[in-house]
Amino acid sequence: MKWSEMESENETLRKSPSSCKVAVIGAGAAGLVAARELIREGHDVILFEQTESVGGVWVYDPEIEDDDLLGIRKARKRVHSSMYASLRTNLPREIMGYTDFPFLPKEGRDGRRFPGHAEVAAYLEDFAEFYGILNYVQFCTVVEYVGVCKKGNKISWNVRTRRRDETEGGKEEVFDAVVVCNGHYSEPKLAEVPGISKWPGVQLHSHNYREPGSFTDKIVVVIGNAASGEDISREIARVAKEVHISGRTWSSNVDFSEPIGDHGNIWRHTMIECTCEDGTVKFKSGGSVSADIIMHCTGYFYYFPFLDTQGEVGVDDNCVGPLYQHVFPPSLAPSIGFVGLPWKVVPFQLCELQSRWIAMALSGKISLPSPQEMMNLVQDFYAKLEASGKTKRLAHNLATSQYEYDNWLSDQTGSAPVETWRIKIYEATSRNKRHNPETYRDVWPDEDLHYQAFALLEQIDL
Ligand code: FAD
């Protein structure tokens, strides 16, 4: 069905008693697709966005925060985006976009298969415009408070918002449901390093990294060997004297003795043993360096400063819960849903499916299990996690199970399962990234898959 036909169908749905008044918090990739799915399903939507644009983390902001580059003071001047100037996607565009709105190159824009951040921001703007979502967004509006209100069996939500340019006042509104899409790459998590309080060098978190200039001729220790740690290390190695990456997940089969990288000045180490007052950083794998800068590429905390669920949902060891299938708190479902919490995933597609599930659960097209059944399933999930030797910190890390999860959501919502070509491209990219971290964005062994995917995506009738 074409979007215009769907719009008129929505008019009918809007009048149906199953239509809910829904507040969506945040207009990033998650909030935009949540709004689209909710509108499609006939709900009344207001999308609150604290900045003046859609796109969330993809909207590059040259500003950094004002608390010594670490981002740990709660009352700091906040900057939402964690993108640095040169960032390119780590997924190829044909699997990164939403499934029915292909992320294809456009005339006069960055047409690379792994484009820069501005191209993703432009794609998200295109998406918002195409589906008329901009009409539902209240820009420059910060959601300050979202509190649950229970009267008998009826649950509603008090939402207080404030215009960014107003210091006082605000507006309160009651909603039937809330969809939380505030992102999870803005609240920096630091590594715990023995002796760090007396270490005399400069520290920063990757959230506040933008360009490599200030690293020229410095000796830098980067903590963290996930995507950001690896990419940023390679970028600063072009100008720095030495870069030393400390990776928690590296094991003895990694060669710590030889430098790597185009400039032969990146060394790998295991975790830091301690830092000293004379500037030395000692590694558990042996060896030490006298470093100028420590950069924490150690990830982020889930953070919902506005949310008051009267204790029904919390963050424990960076696991948001209890949540049924990473989305619904059993006791409050479906009146509140979280979109986009899983990591090590292809996020846009996953957000699309989660949003559809929420929209259909709210309109009553999908029945959820009873609160007690959902809670039992959540407890089973935590028990399995523990039995496999994983802490709760890894609860939302889907990695190898992401497609199983996506297909479960597809099944719930009557959507098509994830196409095999998407999985093949994801796997080929992961392999290429592992073996060729310097070049994987520009040299691909899966060129045939890439062109097949493009041919399929070009056929999508918008
Ligand atoms: P966000 O994009 O963070 O959007 C959240 C929105 O909520 C923001 O617009 C924010 O302003 C708004 N907001 C927050 N709090 C409030 C409030 N209280 N009131 C009102 N508005 C609020 N994904 C990929 O698919 N490919 C990649 O290559 C890739 N690279 C990445 C590189 C980096 C450095 C980072 C940080 C992430 C990367 N990601 C990548 C993951 C990326 O986060 C997701 O793709 C996706 O954009 C997340 O969207 P989101 O809507 O969940 O969050």
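The values are calculated or read from the model by the stated rules, or taken from the named source; none is laboratory data. Remember, predicted model here, so these are calculated numbers, not experimental data. Backbone-built Cβ (ideal geometry, glycine too); neighbour counts: all protein chains shown.
Here are the numbers for the structure shown:
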item	result
The range 300-316, residues that are outside any strand (DSSP E or B) and either of a type in the set (A, V, I, L, M) or modelled with pLDDT under 95 (or both)	V313
Subset of the range 250-299 [farther than 19 Å from E192 by Cβ and either aliphatic (A, V, I, L, M) or in a strand (DSSP E or B) (or both)]	V254, I260, I266, W267, R268, V289, S290
Residue list for the range 61-72, filter: at pLDDT below 85 and either within 16 Å of L190 (Cβ to Cβ) or in contact with a strand residue (DSSP E or B) (Cβ under 7 Å, 6 or more places away or on another chain) (or both)	D67, D68, L69, L70, G71, I72
Test: residue in the range 132-149 that is away from the ligand (no atom under 15 Å from the Cβ) and of a type in the set (V, I, T)	yes
Residues located in the range 287-317, provided they are out of contact with any helix residue (DSSP H, G or I) (no Cβ under 7 Å at 6 or more places or on another chain) and of a type in the set (A, V, I, L, M)	V289, A291, I294, L307, V313, V315
Those residues of the range 226-250 which are over 18 Å from Y300 (Cα atoms), away from the ligand (no atom under 16 Å from the Cβ) and not acidic (D, E), in sequence order	A237, R238, V239, A240, K241, V243, H244, I245, W250
Subset of the range 107-150 [of a type in the set (K, R) and either at pLDDT 95 or above or buried (at least 20 other Cβ atoms within 10 Å of the Cβ) (or both)]	R109, R112, R113
Tabulated pairs, the range 402-420, first acidic (D, E), second buried (at least 19 other Cβ atoms within 10 Å of the Cβ), C-beta under 7 angstrom, 6+ apart or interchain	D406/Q349; D406/L350; D406/L353; D406/V418
Of the criteria (1) farther than 30 Å from G321 by Cβ; (2) surrounded by fewer than 19 Cβ atoms within 10 Å (Cβ to Cβ); (3) within 16 Å of the ligand (Cβ to nearest atom); (4) among the hydroxyl-bearing types (S, T, Y), which one T216 fails	(3)
First in the range 440-462 and surrounded by fewer than 17 Cβ atoms within 10 Å (Cβ to Cβ), second anywhere and part of a loop (DSSP other than H, G, I, E, B), Cβ under 6 Å, 6 or more apart	I460/P102
Residue among A177, A191 that is away from the ligand (no atom under 16 Å from the Cβ), within 30 Å of D44 (Cα to Cα) and hydrophobic (A, V, I, L, M, F, W, C)	A177
Residues satisfying the stated conditions in the range 365-401, i.e. of a type in the set (D, E, K, R), within 24 Å of F301 (Cβ to Cβ) and in contact (Cβ under 8 Å) with a residue 24 or more places away in the chain	K392, R393
Y426 vs. criteria under 28 Å from I232 (Cβ atoms), of a type in the set (S, T, Y) and in contact with a Lys or Arg (Cβ under 8 Å, 6 or more places away or on another chain)	no
Subset of the range 38-58 that is closer than 18 Å to A121 by Cβ and hydrophobic (A, V, I, L, M, F, W, C) - its residue that is surrounded by the most Cβ atoms within 10 Å (Cβ to Cβ)	L47
In the range 435-462, the residues that are modelled with pLDDT of 90 or more, under 22 Å from the mean Cα position of the chain (by Cα) and more than 23 Å from F101 (Cβ to Cβ)	Y440
Only one of A35, A27, A23, A85 that is surrounded by 23 or more Cβ atoms within 10 Å (Cβ to Cβ), part of a loop (DSSP other than H, G, I, E, B), at pLDDT 95 or above and within 15 Å of the ligand (Cβ to nearest atom)	A27
